[in-house]
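The values are calculated or read from the model by the stated rules, or taken from the named source; none is laboratory data. Just so it is clear, the model here is predicted, and its values are computed rather than measured. Here the Cβ is made from the backbone with ideal geometry for all residues, glycine too, and neighbour counts use every protein chain on show. Keep in mind that these areas ignore ligands, DNA and RNA; they rest on the heavy atoms of the full protein, side chains included. Shrake-Rupley method; radii C 1.70, N 1.55, O 1.52, S 1.80 Å.
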Amino acid sequence: MTYPLEFRRVSREFQVRKGLLDLRGMTLRAVDDVSLHVEKGETLGLVGESGCGKSTLGRVILGLLDATQGSVRFEGAETVGVSKRERFLLRRKMQMIFQDPFSSLDPRMCIRDIIAEPLQIYKVYRKKVDLDNRVAEIMDTVGLDLRFAYSYPHELDGGRRQRVGIARALALNPDFLVLDEPVNGLDPQGIIEMRELILKLNREQNITVLISSHILDELSRLATHYGFLDSGRMVKEMSAQALEAACRKCLRVEVTDTR
């Protein structure tokens, strides 16, 4: 069976080059022998404490980092060690929404230009009017008012900046999305709105999603199944139904009638 995304015993190591002298030269294994797959239209919730390797795993999927060992296959094709041209073509189908929208958005570009940039890089439209129509369509999809088209990232709040990041990722109609801590730093209302947006995209566009968080509750009602990372290793995988049943069992309290 061919999955949209499949990991086979993937590891990613880093050499410690800075910091304490006694740590320099040591090898840090941020992702350690991880195997998983995501089926079409599914949302995998990746859960683990900060520093467990979630973000590194997302970057390996996108090819922003190379796997030290193992195989990453997207729609049946190997992505590890491919040429720049092959990586460029793959990037059109695979997009990432980064944890910190402020640092991932160019502060010198207005919102319209940020969303239009991937469309221009891949030369999707030749006419400016078609490009502007597509930008307006995407802004509407993610709930961004057109009045913000010529605003700059620093002029928006965290929730709107996150929507800009999602809009930019959706511009090329990708098949697969990686969302790294998408509700990080948002207030409770912002978290609710972001959940509703992610559910809407998954339902209407049938996009396959990997979404990570260090707080399990942030992924509630979003994922179809879950993977739990600890120190770079996948320690548990379970369906949403199995997780709900386990939580109910843990929360069950027996009350004794003392009358």
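Just the number please: accessible area per residue for the chain, 1.4 Å probe, all protein chains included, in Å².
So the chain comes to 56 Å² accessible per residue, rounded to a whole number.
By its C-alpha gyration tensor, with a ≥ b ≥ c as the square roots of the eigenvalues, how is the chain shaped: rounded for a/c under 1.5, else prolate for a/b larger than b/c, else oblate?
In terms of gyration-tensor shape, oblate.
So for each of 213-219, 173-179 I average, over its residues, the number of other beta carbons within 10 Å; can you give me the resulting order with the highest mean first?
The densest-packed peptide leads the list: 173-179, 213-219.
So, with a 1.4 angstrom probe, what is the percent of accessible area on segment 86-159 that is carbon and sulfur?
The computed percentage sits at 50.
Under 14 Å from the Cβ of residue 215, count the other residues' Cβ atoms, weight Lys and Arg +1, Asp and Glu -1, and hand me the total.
Within the 14 Å Cβ shell, the charges total -2.
For segment 113-259, what is the percent of antiparallel DSSP beta bridges, rounded to the nearest 5?
Roughly 55 percent of the DSSP beta bridges within segment 113-259 come out antiparallel.
Round to the nearest 10 and report in Å² the accessible area of residue 43, as given by a 1.4 Å probe over the protein chains' heavy atoms.
0 Å²
Apply the a/c threshold of 1.5 to the C-alpha gyration tensor of segment 44-127 and tell me whether it is rounded, prolate or oblate.
oblate
Okay, helix-only estimate at 222 nm for the chain: each DSSP H run of n ≥ 4 adds -39500 (n - 2.57), divide by all residues, round to 500 deg cm²/dmol; what do you get?
Result for the chain, helices only: -10500 deg cm²/dmol.
Pick out, from 143, 172, 35, the residue whose Cα sits farthest towards the positive end of the charge dipole of the chain, with +1 on the Cβ of Lys and Arg and -1 on the Cβ of Asp and Glu.
Going by the charge dipole, the pick is 172.
With springs only between Cα atoms under 10 Å, which of 142, 16, 38 fluctuates most in a Gaussian network model of the chain?
Judging by the Gaussian network model, the answer is 16.
Evaluate the charge dipole of the chain about its Cα centre and quote only its size in Debye, nearest 20, assuming +1 on the Cβ of each Lys and Arg and -1 on the Cβ of each Asp and Glu.
In total the dipole reaches around 760 debye.
Once a ≥ b ≥ c are taken as the square roots of the eigenvalues of the Cα gyration tensor of segment 127-259, is the result rounded (a/c under 1.5), prolate (a/b larger than b/c) or oblate (a/b not larger than b/c)?
Prolate shape, in that a/c is at least 1.5 and a/b is the bigger ratio.
State the antiparallel share, in %, of DSSP beta bridges confined to the chain, rounding to the nearest 5.
55 percent
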